[in-house]
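Report on the structure given below.
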């Protein structure tokens, strides 16, 4: 029987409220693709199972890159819901979609510079650590990985706090990588312009 592998959960359900341009930040052009498309291309290249947690507004964009069964659609933040929506809820939904995985890596969709080798390095660290995260020059970044033993706690996450309490509660192992992309995300239009310059230089 093939050993199960960690699943890679790409978070694409945020509102991107600090991004001022028309359209969502994840759909903005980056090279020949988009911010989300580039993040997913690197994720898919890892050959780990990829799950995208997104909203109705972005589901079509996400499903251009992964099968519809691998898109988990959650209510947008601000939508009336019995659940406390936010990053924590999105992580829980992604984990619940792949309960048989040997762990889960969490990667925000607005981090398209994170390299495939980095994702695999963090996934490998979960064989020996309950929590692992990528770091560059000692600075903590993404993805953050959680071993299968934390399933019952991950699926109970809610609200916008994410998994910070779990990272604080369990021994967390930093995986040092030569990948500054683990620290680079897109919040504003200025961030996007800097990202485009860096992406073009890397290409």
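Every number here is computed from the coordinates shown, using simple stated rules; none is lab data. Keep in mind it's a predicted model, so treat the numbers as computed, not measured. Positions of Cβ are backbone-derived with ideal geometry, glycine not excepted, and every protein chain shown enters the neighbour counts.
Between residue 149 and residue 189, what FRET efficiency comes out of the Förster formula 1/(1 + (r/R0)^6) with R0 = 45 Å and r the beta carbon distance, rounded to 0.05?
Numbers: r = 41 Å, r/R0 = 0.91.
Efficiency at R0 = 45 Å is approximately 0.65.
What value, in deg cm²/dmol to 500, does the helix sum -39500 (n - 2.57) over DSSP H runs of n ≥ 4 give at 222 nm once divided by the residues of the chain?
-8500 deg cm²/dmol
So for the pair residue 41, residue 124, with labels modelled 7 Å out along Cα→Cβ, what separation do we get in nm?
Between residue 41 and residue 124, the simple spin-label model gives 2.5 nm.
Counting pairs of Cα atoms in the range 9-125, how many percent are more than 24 Å apart?
That tail contains 21 percent of the Cα-Cα pairs.
Between residue 139 and residue 164, what is the label-point separation in nm under the 7 Å Cα-to-beta-carbon projection?
Label-label distance for residue 164 and residue 139, simple model: 1.9 nm.
R0 = 30 Å: FRET efficiency of residue 117 with residue 81, Cβ-based, nearest 0.05?
It comes out at approximately 0.20.
Place a point 7 Å from Cα of residue 17 in the direction of its Cβ. Which residues in the range 59-84 have their backbone N less than 16 Å from it?
The answer is 76-81, 84.
Multiply the residue gap between residue 59 and residue 29 by 0.36 nm, knock off their C-alpha separation, and tell me the result in nm, one decimal place.
Length gained, residue 59 through residue 29: 9.1 nm.
Expressed as a rounded percentage, what relative contact order does the range 7-202 have, with Cα pairs under 8 Å and six or more residues apart?
Worked out over the range 7-202, it gives 26 percent.
If the chain between residue 68 and residue 198 were fully stretched, how many nm would it gain, using 0.36 nm times the residue separation less the Cα-Cα distance?
Stretched out fully, the residue 68 to residue 198 stretch lengthens by 43.7 nm.
Would you mind putting 6-16, 45-55 in packing order, based on average other-beta-carbon counts within 10 Å, highest first?
By packing density, highest mean first, the sequence is 6-16, 45-55.
How many times 2.2 N^0.38 Å is the alpha carbon radius of gyration of the range 2-78?
Relative to the 2.2 N^0.38 Å estimate, the range 2-78 comes out at 1.12.
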